[in-house]
Amino acid sequence: MNTENTIVGIDLGTTNSCIGIYKDGHVEIIINKQGNRTTPSWVAFTDTERLIGEAAKNQYGINAENTIYDSKRLIGKLFNDETIQSDLKHWPFKIKSDKNNKPLICVKYKNEEKEFTPEEISSMILLCMKEAAESYLGYLIKRAVVTVPAYFNDAQRRATIDAGIIAGLKIERIINEPTAAAMAYELDKKCNIDRIVLIFDLGGGTLDVSLLYLDNGVCTVIATNGKNHLGGQDLDIILLNYCLSEFAKHNKDCNIETINKKTMSRLKTACEKAKKELSSILQTTIEIPSLYNGNDLFITISRAKFESLCINEFNKCLECIEQVLHDAKMSKDKITDIVLIGGSTRIPYIKNMLKNYFNGKEPKQDINPDEAVAYGAAIQGAILSQVNDDKIKSMVLVDVIPLSLGIETAGGQMTKILNRNNNIPCSKEQVFSTYSDNQPCVTIKIYEGEREFTKYNNLLGTFELTNIPPMPRGIPKINVKFEIDANGILKIQATEESTGKSNNIIIKNDKNRFTTEELNKFIENANKFSEEDKYNKECLEHKNNIENYVYYVRNSINLEEFKKNINEENYKKINDIINETIIWIENNPNLSSLEYKQKQKEIENKIVPIFMKAYNKI
């Protein structure tokens with residue numbers, strides 16, 4: 001084997017990480033120094049050393065303020081992100097903002113105050129995985145495929161690549177977690193019939209739901225949805241808050257906010273343990289001696305109670321499934337396989353909920369939910385390194401874009417050119433025109449999002465197309481072409497067809513892209529505000545109708561043939577009406593559709609009789 005060509009696959013998880021390699025015709029999951037196949041994504045700093053994985057997690061109870069977890073929930077985000085501000089209430093370690101509003105993790109290491117970026121913490125976990133692989137294989141590892149949630153934005157993907165660079169790894173490809181799991185499933189369950197597979201991936205911090213078409217090694221993503229702030233960690237917090245509220249009922253003098261971080265860390269660990277126990281038993285206890293002022297916490301919790309506490313989170317899972325099916329225009333009965341991935345799918349309620357939703361179809365758990373993503377990443381690594389294996393050679397991955405892409409048109413409308421869940425690579429073009437007479441240039445503004453108006457969506461970039469020949473509005477033909485390559489890099493080109501004059505822009509890893517929660521919120525808000533958007537769009541359409549009408553009339557009365565058949569008085573009368581209406585439109589940009597319709601009817605009643613008389617003479 002050419003060791004320089006080796007590409008490992010790494011699942012860099014919120015809670016646990018895993019690494020695999022395609023070797024001797026199959027994927028091998030590499031064990032860590034403790035002999036385990038997954039490694040906690042935890043890093044701790046003490047007076048003497050830095051600890052990673054199990055060692056870091058095991059000393060959490062006595063060193064909570066210097067033990068870091070959930071770095072995946074920080075990476076690529078800004079400090080003032082609402083999800084970070086929410087999580088700050090539960091993290092025992094300190095987070096502050098740097099001068100660029102990026103989060104910095106503050107710890108005490110070897111009796112000195114230290115600050116680390118989320119990328120640095122993630123790089124420590126990646127380094128731990130890299131070293132485990134090198135120990136197992138006996139040679140250096142320099143290249144990797146790393147997985148991310150399907151809804152990670154460009155900033156988060158770039159930050160993940162930076163973490164790899166810090167760890168001494170060249171990240172050859174970032175792929176989506178559910179897609180990687182589908183590749184693992186396809187290789188493991190290869191059969192001669194095509195299948196439509198729903199991958200339900202609920203891990204420690206994220207939920208991904210993807211619908212894929214699998215056909216003899218070809219994995220085509222049909223639609224994807226998810227929430228990058230929903231997972232086992234959130235269920236732990238719900239259980240923790242319940243314990244605190246129950247404790248406060250019996251300890252009236254208790255000020256929850258004054259409970260020290262070391263004690264809270266013990267409670268969090270106990271809640272996580274109870275959650276896991278309730279997957280196999282119907283009742284368990286949570287006990288913390290001396291939680292507050294010498295008073296012990298002792299709570300018995302049943303599986304039914306836990307499920308009732310978390311019911312809202314479980315319902316959010318179903319919402320994502322429904323959105324995926326809606327986007328794919330597919331009914332439940334067309335799904336041939338439901339595949340459960342991620343440790344949180346071990347919760348019995350999840351499996352029963354999905355079984356009921358899909359009318360009794362049994363979800364599959366016949367591939368390891370903790371290892372499937374790393375397994376798929378290792379397959380992708382083998383494909384990229386061109387491993388000489390027939391099973392690998394036949395595999396093809398076709399992914400999708402998570403959000404619609406388009407440009408801003410008249411009235412601030414979002415005109416979509418590429419719809420979300422479009423397969424990549426892809427390209428599409430559309431012809432537009434100018435808004436004003438003799439317009440010398442157009443500004444092309446590129447947005448992503450699902451709302452009907454660009455002010456609700458995310459601006460990705462802007463460029464201008466200049467030196468357009470003088471022509472009446474609506475005459476120039478401007479062809480706008482969107483292209484996305486296999487790495488998700490977006491190129492936009494605009495060309496004025498009569499002159500061939502063109503300009504373009506490439507959108508690549510823009511650091512100002514939206515946070516994950518904002519991305520999810522775009523889609524959620526699109527549904528929530530659909531009625532508002534529909535109303536606003538209708539108003540704009542009727543505003544455009546009257547505007548187009550008056551410009552049409554203005555152009556018509558200036559035709560020589562028309563001028564011959566209309567006297568000067570009527571010509572001036574129509575011209576005055578047109579000019580007055582144009583000023584009225586400019587002064588009334590936000591009226592209702594009814595008001596625009598009434599105004600158009602009013603001017604038509606004045607203009608049409610004059611027009612009819614003139615045309616009867618022609």
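No value in this document is a laboratory result; all are computed from the given coordinates. Everything numeric here is computed off the predicted structure, so don't read it as measured data. All Cβ positions, glycine included, derive from the backbone under ideal geometry; neighbour counts span all protein chains shown.
Restricting to Cα atoms and excluding each atom paired with itself, what does the Kirkwood estimate give for the stretch 293-424 in Å?
Numbers: mean 1/r = 0.0523 Å⁻¹.
It works out to 19.1 Å.
Here the calculated FRET efficiency for GLN34 and GLN59, from their Cβ-Cβ distance with R0 = 22 Å, stands at 0.95, rounded to the nearest 0.05.
Please report the equivalent ellipsoid semi-axes of the stretch 530-617, computed as sqrt(5 x eigenvalue) of the Cα gyration tensor, largest first, in whole Å. It would help to have the intermediate numbers written out before the result.
Values: eigenvalues 172, 26, 21 Å².
Listed largest to smallest, the semi-axes of the stretch 530-617 are 29, 11, 10 Å.
The alpha-carbon of LYS355 sits under 22 angstrom from the alpha-carbons of these lysines, leaving out residues fewer than 8 places away in its chain: LYS189, LYS227, LYS275, LYS276, LYS305, LYS316, LYS329, LYS332, LYS334, LYS364. Can you return the aspartates and glutamates within cross-link range of LYS597? Criterion is Cα-Cα under 17 Å, with same-chain partners fewer than 8 residues away left out. Cross-link targets: GLU538, GLU541, GLU547, GLU580, GLU586.
Using only Cα atoms and rounding to the nearest 10 degrees, what angle (0 to 90) does helix 372-384 make with the longest principal axis of the chain? Helix 372-384 and the main axis of the chain meet at about 70 degrees.
What value, in deg cm²/dmol to 500, does the helix sum -39500 (n - 2.57) over DSSP H runs of n ≥ 4 give at 222 nm once divided by the residues of the chain? Numbers along the way, then the final one.
Working: 17 runs with 234 residues, N = 618.
Helix contribution divided over all residues of the chain: -12000 deg cm²/dmol.
Output the Kirkwood hydrodynamic radius of the stretch 378-487, Cα pairs only, in Å rounded to one decimal. Can you show the working numbers first?
Numbers: mean 1/r = 0.0611 Å⁻¹.
Every distinct Cα pair counted, the radius reaches 16.4 Å.
Going by neighbour counts of Cβ atoms within 10 Å, the residues PHE453, PHE463 line up, fewest first, as PHE463, PHE453.
Taking only C-alpha pairs under 8 Å that are 6+ residues apart, what is the relative contact order of the chain in percent? Can you show the working numbers first?
Values: 1182 pairs, mean separation 79.0, N = 618.
Relative contact order comes out at 13 percent.
Assuming R0 = 25 Å, can you tell me the calculated FRET efficiency for the pair LEU88 and GLU113, based on Cβ-Cβ distance, to the nearest 0.05? The value I calculate is 0.85. About its Cα centre, the dipole of the stretch 50-209 is roughly 260 debye, where the only charges are +1 on Lys and Arg Cβ and -1 on Asp and Glu Cβ. Shown here are the Rg and Dmax of the Cα trace of the stretch 232-311, at 12.1, 36 Å. For the chain, the dipole from Cβ point charges (+1 on Lys and Arg, -1 on Asp and Glu) about the Cα centre works out to 300 debye, to the nearest 20. Once the Cα atoms are used to define both axes, helix 154-166 deviates from the longest principal axis of the chain by about 40 degrees.
In this structure, the amide hydrogen of MET471, modeled 1.01 Å from its nitrogen in the peptide plane, lies closer than 5 angstrom to those of ASN438, GLN439, counting only residues at least 5 positions away or on a different chain. Taking only the alpha carbons of the chain, we obtain Rg and Dmax values of 29.8, 102 Å in that order. Residue exposure proxy: TRP584, TRP91, TRP42, ordered by other Cβ atoms within 10 angstrom of their Cβ from fewest to most, comes out as TRP584, TRP91, TRP42. Against the chain, whose longest principal axis comes from its Cα atoms, helix 568-587 is set at around 20 degrees.
Cross-link partners of LYS481 among lysines, defined as those whose alpha carbon lies under 25 angstrom from its own and excluding same-chain residues fewer than eight positions apart: LYS416, LYS428, LYS445, LYS455, LYS491, LYS501, LYS508, LYS511, LYS537.
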